[in-house]
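Taking it in order: structure first as structure tokens, then the write-up.
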Amino acid sequence: MMLPLALVFALTLPIIRAQVPHWGPCPEPAVQPAFSLKQFMGRWFEIAKLPAQFEKGRCIETNFTLTTSNSIRVVSSEILKGEVRKIEGIGVVEDIKNPAKLGISYSYVLPYSPYWILSTDYVNSALVYSCTDILRLFHVDFAWILGRTRTLPESTIEKAKEIFANNNIDVSRMIPSRQLGCEKML
């Protein structure tokens, strides 16, 4: 029994190193009702986030392109150490009855990670949540506030944080993303 638990811990350590694990399973937040994948497509800028070890740069943005009626191409980019770095992935609607619950993978060998759109108006902002359960003992989560522009009004950011909090998502550690001086590099 100790070996499997040790193996699970060893495999999940890289995931949780930069995150704060929370006891218990992932929350089940409400997602955007009547979500339109087609309207969500396009360029989104990261406005604020829960810290994530895989996002270390600045000027983080993601471009979504529809490939079929229920799958998308996902290209994320950031500036890190003066270089533009991009990663490409695939997103899928995992349940056609609930299209706001996407799965995204940036590797053919890794499973799809949850990418749930909790709220969006499609033209200004979107709230995205992802969570991974570890044996239902604890979970590691990610949350992003996205905008169609590199900045959003503070009132929009505060309202977004309230929506996360009302869905039992702890955003007390949420930090603003660095979106200054981006046009010079991109």
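The values are calculated or read from the model by the stated rules, or taken from the named source; none is laboratory data. What you are looking at is a predicted structure, and each value in this text was computed from that prediction instead of being measured. In this analysis, Cβ positions are derived from the backbone assuming ideal geometry, glycine residues included, and neighbour counts consider all displayed protein chains. We work out accessible area using only protein heavy atoms, side chains counted, and drop any ligands, DNA or RNA first. Shrake-Rupley method; radii C 1.70, N 1.55, O 1.52, S 1.80 Å.
Brief remarks on what is shown
- In the set (1) part of a strand (DSSP E or B); (2) within 17 Å of P176 (Cβ to Cβ), the condition left unmet by S119 is number (2).
- Against the criterion of being open to solvent by less than 40 Å² (accessible area, probe 1.4 Å), under 15 Å from the mean Cα position of the chain (by Cα) and modelled with pLDDT of 95 or more, E61 qualifies.
- Residue within the range 45-56 that is at pLDDT below 95, surrounded by fewer than 16 Cβ atoms within 10 Å (Cβ to Cβ) and polar (S, T, N, Q) present: yes
- Flag: R136 does not match the condition of being touching a Lys or Arg at 6+ places or on another chain (Cβ under 7 Å) and either open to solvent by 80 Å² or more (accessible area, probe 1.4 Å) or free of Cβ contacts under 8 Å to residues at least 24 places away in the same chain (or both).
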